[in-house]
1. What's the number of the only condition in (1) free of Cβ contacts under 8 Å to residues at least 24 places away in the same chain; (2) loosely packed, with under 14 Cβ neighbours inside 10 Å that GLY78 fails to meet?
2. Any idea which residue in segment 224-258 is nearest to THR53 (Cα to Cα), counting only those that are under 19 Å from the mean Cα position of the chain (by Cα) and not in a strand (DSSP E or B)?
3. Looking for whichever is touching a strand residue (DSSP E or B) at 6+ places or on another chain (Cβ under 8 Å), more than 30 Å from VAL7 (Cα to Cα), at pLDDT below 90 and exposed (fewer than 15 other Cβ atoms within 10 Å of the Cβ) here; the options are THR272, THR283. Which one fits?
4. Looking only at segment 46-91, count every residue that is over 16 Å from the mean Cα position of the chain (by Cα) and of a type in the set (Gly, Ala, Ser) and tell me the total.
5. How about segment 127-148: which of its residues are touching a residue at least 24 places away in the same chain (Cβ under 8 Å), of a type outside the set (Lys, Arg) and under 20 Å from LEU59 (Cα atoms)?
6. Consider only pairs whose beta carbons are under 6 Å apart and that are at least six residues apart or on different chains; among these, list those whose first residue lies in segment 149-166 and is touching a residue at least 40 places away in the same chain (Cβ under 8 Å) and whose second residue is surrounded by fewer than 21 Cβ atoms within 10 Å (Cβ to Cβ) and aromatic (Phe, Trp, Tyr).
7. Name the residues in segment 1-59 that are touching a Phe, Trp or Tyr at 6+ places or on another chain (Cβ under 8 Å) and in a strand (DSSP E or B), would you?
8. I need a count of the residues in segment 259-277 that are under 18 Å from the mean Cα position of the chain (by Cα) and hydrophobic (A, V, I, L, M, F, W, C).
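The values are calculated or read from the model by the stated rules, or taken from the named source; none is laboratory data. Computed from a prediction, not measured in an experiment: that's the story for all the values here. For neighbour counting, all protein chains shown are included, and Cβ atoms are generated from backbone atoms with ideal geometry for every residue, glycine included.
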Amino acid sequence: MTEKPIVLGVISDPHFGSLWGLWPKNHRNKDGGSRILNPGQEYLSECWQDFQTWLPPKLDVLMVAGDASDGDGRKDAGIYQVTPDVDEQVDAGVEALGPLAARADLLYVVDGTRYHGWPRDAKTLAQKLGAVQHPVGSYAPPVWSIEVGGVYIELWHKLSDAQIYTAQAMQRETMFSRTVAEAKGFSTDLIIVGHWHSYRAYEDGAMTVLTVPCWELQTPWAQAKPNLWMPNIGGLVVYLYPDNRGKGMRLIDWEKRIYPLPKREVSHIAITGTGKKRKLTTT
């Protein structure tokens, strides 16, 4: 392999503004006050600090695969949010992501799910962080097609929903990509997507698909299927070796950093007495 790979830092779905998402400690809001983090956010903050230490000190590219902010929470009247104010969510995102963006020569951001994004939030956040501007004008387009050293990458947010048989959904994307390669004008080497809130890796011949861990704990929406929609917290480092093409060596390699989830709260019932005197109490 080449001595010095091209290094990509990749994160997704921080959902700034969600009560279950990432929020910078001591962030000053519009009225000058700060918000108290709940225990889950305290844990995420600890993981985030560790993640920044784990990442290489110098990145060639930082990628954010969507859902940077949580939106206005209109379906739940904002009750599950630190704040439904998208401007404040953007400011918090800039504060949290700024140190990582400063490590990278280039920043690429894509938009996320429509429910979590107003027309301006992801684009404003990306622009404030100094992200690359897409030729059509947006700082957070739906998809980025990126060529670096002859390696072709596609970055977008939403892969087909699949909580089981995930490899099948990922394989389907490789098939779609190959089908339209001529129309696009290139053959994709690497697809990077978010949305699933979990890490998966799939290799199909010369093509790799990576789904990126998230920075949001299990929300009430996810708890509707509590044993199915379990997130992975963390991110990826991807290494590109353009000089290895055609040499029988890896063109793409990666490392993941995934943090354990807080243990689920259990209501314990104590049994005292027997027969008619038996009593159940919570402990």
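1. Just one mismatch for GLY78, condition (2).
2. Here the answer is ASN232.
3. Just a single option satisfies the conditions, and that option is THR283.
4. Residues in segment 46-91 being over 16 Å from the mean Cα position of the chain (by Cα) and of a type in the set (Gly, Ala, Ser): 3 in total.
5. LEU129, GLY130, ALA131, VAL132, TYR139, ALA140, TRP144, SER145, ILE146, GLU147, VAL148
6. From residues that are touching a residue at least 40 places away in the same chain (Cβ under 8 Å), the pairs are LEU155/TRP144.
7. Once the filter is applied, which keeps residues that are touching a Phe, Trp or Tyr at 6+ places or on another chain (Cβ under 8 Å) and in a strand (DSSP E or B), segment 1-59 yields ILE6, VAL7, LEU8, ILE11, PHE16, SER18, GLY21.
8. Number satisfying all stated conditions: 1.
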